[in-house]
Amino acid sequence: MTVLDPTSVPVNLTSLLEGFSCWESLENLTGINRKYWRIGTLGLLVSLAVAHFAGSILIGLLSWVYPAYASFKALEAPSRKDDKRWLIYWTVTAFIHTGVSIVDQILFWVPFYSLLKLVFFIWLTMPWFGGAELLYGQIVRPWLVWAEKDVDERAEVLRQQLGHAATNVAHQLLHTKSHASAQKSK
């Protein structure tokens, strides 16, 4: 077994961490050369970055691609027993991903956050755990039942406002086009 010689590590990598005052204390406390501590810290940081990247890919596959395919299979099957399960999943997932997009900005730097998030999405997605059904029954459904009337009213107002805005834009485009045609024919 070969032992890593701290002097063989490129200076530009470990020198990034030299400015911190903790290295001397760690060396005095443990008897391990401070350059080894910097190498270990750098290795940990790189490992966490790779785990975050790989975790993001796995979470995307697990929380979007697999459920989309499973939903397709459920829709194509003659039985409708899985349809409700996947509707519940997508309803819960919509709420969770909205919250996760905010939480990710705060907790992305926490060690093993991506791993914990991956485990959570495994629990949420895989049918044998029933995570989506549990969250739906305990949190999402009660909240939606409570907020349903208000959400419906606000959605109707928004639908009307968007309809009016689209109509106005269409009229302006037609008016501009007809005005340009009239100017061109002069």
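FYI, it's all coordinate maths here, none of it is from the lab. Remember, predicted model here, so these are calculated numbers, not experimental data. In this analysis, Cβ positions are derived from the backbone assuming ideal geometry, glycine residues included, and neighbour counts consider all displayed protein chains.
Residue by residue through the range 161-176, what is 3J(HN,Hα) from phi via Karplus (6.51 cos²θ - 1.76 cosθ + 1.60, θ = phi - 60°)? Round to whole Hz and write x for glycine and proline.
Working through the residues one at a time gives 4, 5, x, 5, 5, 5, 4, 4, 5, 4, 4, 5, 5, 5, 5, 5 Hz.
With Cβ to Cβ distances under 14 Å as the rule, what net charge do the other residues near LYS84 carry (K, R +1; D, E -1)?
+1
Could you tally the net charge around ALA155, taking each other residue with its Cβ under 13 Å from the Cβ of ALA155, Lys/Arg +1 and Asp/Glu -1?
My count for the surroundings of ALA155 gives -2.
Just grab the label-to-label distance for GLU156 and HIS97, each label 7 Å out from Cα along the Cβ direction, in nm (one decimal).
The two pseudo-label positions are separated by 2.9 nm.
Compute the label zone of TRP64 within the range 100-121: residues whose backbone N is under 13 Å from the point 7 Å along Cα-to-Cβ.
Inside the label zone: 101.
Cα-based count: Lys pairs in the range 6-173 below 28 Å, eight or more positions apart or different chains?
Lysine pairs, 8 or more places apart or on different chains, close enough: 5.
If you take the square roots of the eigenvalues of the alpha-carbon gyration tensor of the range 6-173 and sort them as a ≥ b ≥ c, do you get rounded (a/c under 1.5), prolate (a/b over b/c) or oblate?
prolate
Through the Karplus equation 6.51 cos²θ - 1.76 cosθ + 1.60, θ set to phi - 60°, convert the phi angles of the range 126-132 into ³J(HN,Hα) values in whole Hz; use x for Gly and Pro.
In residue order, the calculated couplings are 6, x, 5, 8, x, x, 5 Hz.
Hey, got a sec? Which trypsin sites (Lys or Arg not before Pro) in the range 21-87 land in a DSSP loop and have at most 11 other Cβ atoms within 10 Å?
ARG80
What shape does the range 91-161 take by its C-alpha gyration tensor, where a ≥ b ≥ c are the square roots of the eigenvalues and a/c under 1.5 counts as rounded, a/b above b/c as prolate, and the rest as oblate?
Verdict is oblate for the range 91-161.
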